């Protein structure tokens with residue numbers, strides 16, 4: 001690890017983001033490792049906090065990976081395009097509806113897609129990313145938005161980090177993204193959380209059109225078994241549900257508390273777990 005740039009922080013509001021438990025993650029993360037992997041990148045809170053020199057990061061969400069690629073390759077163009085947006089419900093709906101175009105992926109350029117994602121994230125309800133079964137973004141406009149659309153200092157800091165280090169972006173299934181990990185590599189795993197009806201709303205799990213189900217958790221655990229056999233270190237965060245604890249019962253499990261804020265009327269502290277295949281912080 002080199003010198004940490006404190007301006008390098010997530011550029012998106014992200015439901016399930018790890019800024020609230022980042023100190024716990026850092027506390028239990030291995031002090032030394034080779035390549036850093038993150039198969040469920042999301043808002044990137046852990047990546048941008050640790051700022052590893054060599055990283056392979058992945059997300060199944062193409063729009064998200066495209067955004068980070070544009071921040072790396074053309075942050076100036078992105079900032080200029082963001083300045084064209086206005087905060088207005090009708091304008092918001094017009095930008096949101098772009099992915100309804102028959103040839104959206106062909107007609108809308110990569111920079112415009114990245115600018116659209118930041119704009120929608122900053123002006124939609126709670127920064128939620130949710131799509132319908134056709135993969136169309138369907139979160140409503142929020143008058144009570146927080147933060148600002150353009151944070152030039154943060155965007156440039158993230159761009160510097162991505163350009164000054166060896167960070168490879170992937171857009172594929174989580175299973176495929178971790179296949180190349182080997183001895184003494186470190187993987188931080190933050191999959192869609194197992195649903196706990198006391199704290200979560202199942203409607204907020206529609207991160208991709210495919211979704212996430214309980215069988216994926218078993219597939220993930222089986223993969224973790226294989227990774228462990230190869231000497232790969234992993235740290236996973238998830239809900240402290242019976243299903244999660246049962247699947248990973250053979251690993252080191254630490255219980256922590258974390259607030260949830262998807263539903264502001266039910267914001268509360270809920271049990272979460274950090275699961276690892278080593279003694280924490282080694």
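Taking each residue of segment 99-120 that is in contact (Cβ under 8 Å) with a residue 60 or more places away in the chain and looking for partners that are part of a helix (DSSP H, G or I) with beta-carbon atoms closer than 8 Å, six or more apart or interchain, yields 117/63; 117/64; 117/66; 117/67; 118/67; 118/78; 118/82.
Counting only residues that are modelled with pLDDT of 95 or more and not in a loop (DSSP other than H, G, I, E, B), segment 103-120 holds 11 of them. For the residues 135, 109, the requirement of being within 18 Å of the chain's Cα centre (by Cα) and in the same structural domain as residue 74 (by TED's automatic domain parsing) singles out 135. Scanning segment 37-63 for residues that are in a loop (DSSP other than H, G, I, E, B) and under 17 Å from the mean Cα position of the chain (by Cα) yields 39, 40, 41, 42, 43, 44, 51, 52, 59, 60, 61.
Against the list (1) under 20 Å from residue 129 (Cα atoms); (2) surrounded by 20 or more Cβ atoms within 10 Å (Cβ to Cβ); (3) not assigned by TED's automatic domain parsing to the domain that holds residue 217, the condition residue 41 fails is (3). For residue 54, indicate whether it is surrounded by fewer than 17 Cβ atoms within 10 Å (Cβ to Cβ) and touching a strand residue (DSSP E or B) at 6+ places or on another chain (Cβ under 8 Å). Considered against the rule, which asks whether it is surrounded by fewer than 17 Cβ atoms within 10 Å (Cβ to Cβ) and touching a strand residue (DSSP E or B) at 6+ places or on another chain (Cβ under 8 Å), residue 54 comes out as yes. So residue 36 fits all but one of (1) surrounded by 21 or more Cβ atoms within 10 Å (Cβ to Cβ); (2) outside the structural domain of residue 188 (by TED's automatic domain parsing); what number is the exception? Exception for residue 36: condition (2).
In the set (1) touching a strand residue (DSSP E or B) at 6+ places or on another chain (Cβ under 8 Å); (2) in contact (Cβ under 8 Å) with a residue 60 or more places away in the chain; (3) not assigned by TED's automatic domain parsing to the domain that holds residue 31, the condition left unmet by residue 92 is number (2). Comparison of 34, 66 shows that the only residue that is touching a residue at least 12 places away in the same chain (Cβ under 8 Å) and either on the phi > 0 side of the Ramachandran plot or assigned to a loop (DSSP other than H, G, I, E, B) (or both) is 34.
The values are calculated or read from the model by the stated rules, or taken from the named source; none is laboratory data. Model, not experiment: these values are computed from the prediction. Don't worry about glycine lacking a Cβ; one is built from the backbone with ideal geometry, like all the others, and counts go over all protein chains shown.
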